[in-house]
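To start, the structure under review is shown below, and the notes come after it.
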Amino acid sequence: MELALLGGKPVRSTPFTVWPAFGREEEEALLEVLRSGSWGGYNEKVEEFEAAFAALHHVKHAISCANGTVALETALRALGVVCGDEVIVPPFTFVATATAVLLCHGAPVFVDIDPETLNLSPEAVEAAITPRTKAVIAVHFGGRPADMDALGAIARRHNLYVVEDAAHAHGAVWRGVPVGNFGVVGTFSFQAFKLVTSGEGGVMVTNDAAVASRLWSYCNQGRRKGGEWYKHFTLGSNYRLTGFQAAILNAQLRKLPEQSRIRAENADYLRSQLRSFSGLAMAERDTRAEREPYYLVTLRYDPSCFSGISRDLFVRALEAEGVPAQRAYPYPLYRNPVFARRNLPPCACESWKAPQDYETLCLPESERICHEGIWLEHSLFLGTRQDVDDILAAFGKVQRLAASLPSLQESG
Ligand SMILES: *Cc1c(COP(=O)(O)O)cnc(C)c1O
């Protein structure tokens, strides 16, 4: 047997579940909007979707918007984040979590993550609080809820807002309560790769009626809900999603619970099999996270169990075997050029000052997971147990034959 990377027969030659997945429901709902003549953001399907999303997450208000990035930005604006305010964020997340802060002219403060959950370390959060700190953005990374007990207690002690970036965590439940209920605002994304998708799209949830009306108004040109069309009370923009998107989202949302159940079952099976496999570690279940949608499964790679081949070469070998694994983010967010001194401040205002030297920042757990992490995306878990067995077979094959690879290492 030879590695597929060296010309051998791959473990798997059939594709895994294709994402996004759709059926008759999405097609029919789209045609209905097309024929209705009401294509924009005031189509009744938008409110229908908002109500369904709010019901699934047990929240009072859901306000849809154009994407998960503007959802975060709007949430921070509605909470009054202004120039110079510090907002604590993790560095192991998608860039939007931190750039939303800059877009409001706030200053992101990166703090390290917990190595087990990959979510904000509550101790690190508390240590980073200053008189300028206004809010904390808790990302539920990969669909695993952050420690909302600890973060909630810290926020209450220091009078901070919590915003939940739940872009990975549609339908996740922490100790009996769905995500989105722990922060003042929770935000979600419906970008093409997310668990519920309309290509692009987002939503903000809250239990606070005053915050809800500010969120809605900002996305609707400063209008008041039910008010006159050409009467604008506050500064706002147009961040609406369309009737077409809402039509798709209604259908997608109905499938989420069953899809999450299937993913959890397959991910649990992978975890149980990896316990007796050295070199690839998967976090144990957090019993406080009652429902995890498994957006991303992150494995820690130990090259010493694979004849010393690099993580990147291991991933290439897996891809050749027909298992589309991915490397984690190349580096923590603060290493991106957007945070370099020459590109800051985000405004010309005197009161903005960087709370950290982003260019020299080094948070060890975030650095380590970027170096060791391998991602298996959610669609790999939407099929059968055989799919997981194929993934495991590819892991085993590359491990057994890794010694035949080091010569490739240098060519990258
Ligand atoms: C996808 C994502 C976003 C932003 O969502 P968009 O809809 O792509 O703007 C924000 N935060 C995290 C963690 C994400 O993964």
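The values are calculated or read from the model by the stated rules, or taken from the named source; none is laboratory data. Bear in mind that the values here come from a model prediction, so they are computed numbers and not experimental data. Here the Cβ positions follow ideal geometry from the backbone for every residue, glycine too, while neighbour counts run over all protein chains shown. Quick note on the areas: whole protein, heavy atoms, side chains included, nothing else; ligands and nucleic acids left out. Shrake-Rupley method; radii C 1.70, N 1.55, O 1.52, S 1.80 Å.
Below is a table of values for the structure above.
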quantity	calculated
Condition check for Ser64: touching a residue at least 60 places away in the same chain (Cβ under 8 Å) and more than 16 Å from the ligand (Cβ to nearest atom)	no
Test: residue in region 288-298 that is open to solvent by 50 Å² or more (accessible area, probe 1.4 Å), over 22 Å from Asp389 (Cβ atoms) and at pLDDT 95 or above	no
Top-ranked residue in region 44-103 [being more than 14 Å from Val205 (Cα to Cα) and among the acidic types (Asp, Glu); ranked as farthest from the chain's Cα centre (by Cα)]	Glu44
Test: Val87 is over 14 Å from Ser198 (Cβ atoms), within 15 Å of the ligand (Cβ to nearest atom) and hydrophobic (A, V, I, L, M, F, W, C)	yes
Single match in Thr69, Thr99, Thr74 (criterion: assigned to a helix (DSSP H, G or I), surrounded by fewer than 22 Cβ atoms within 10 Å (Cβ to Cβ) and within 16 Å of the ligand (Cβ to nearest atom))	Thr99
Failed item, numbered, when Trp39 is tested on (1) in contact with a Ser or Thr (Cβ under 9 Å, 6 or more places away or on another chain); (2) open to solvent by 10 Å² or more (accessible area, probe 1.4 Å); (3) within 16 Å of the ligand (Cβ to nearest atom); (4) outside any helix (DSSP H, G or I)	(3)
Any hit, region 182-200, residues being more than 14 Å from the ligand (Cβ to nearest atom), in a loop (DSSP other than H, G, I, E, B) and either open to solvent by 30 Å² or more (accessible area, probe 1.4 Å) or free of Cβ contacts under 8 Å to residues at least 60 places away in the same chain (or both)	yes
Residue match in region 320-332 (condition: open to solvent by less than 40 Å² (accessible area, probe 1.4 Å) and under 27 Å from Ala107 (Cβ atoms))	yes
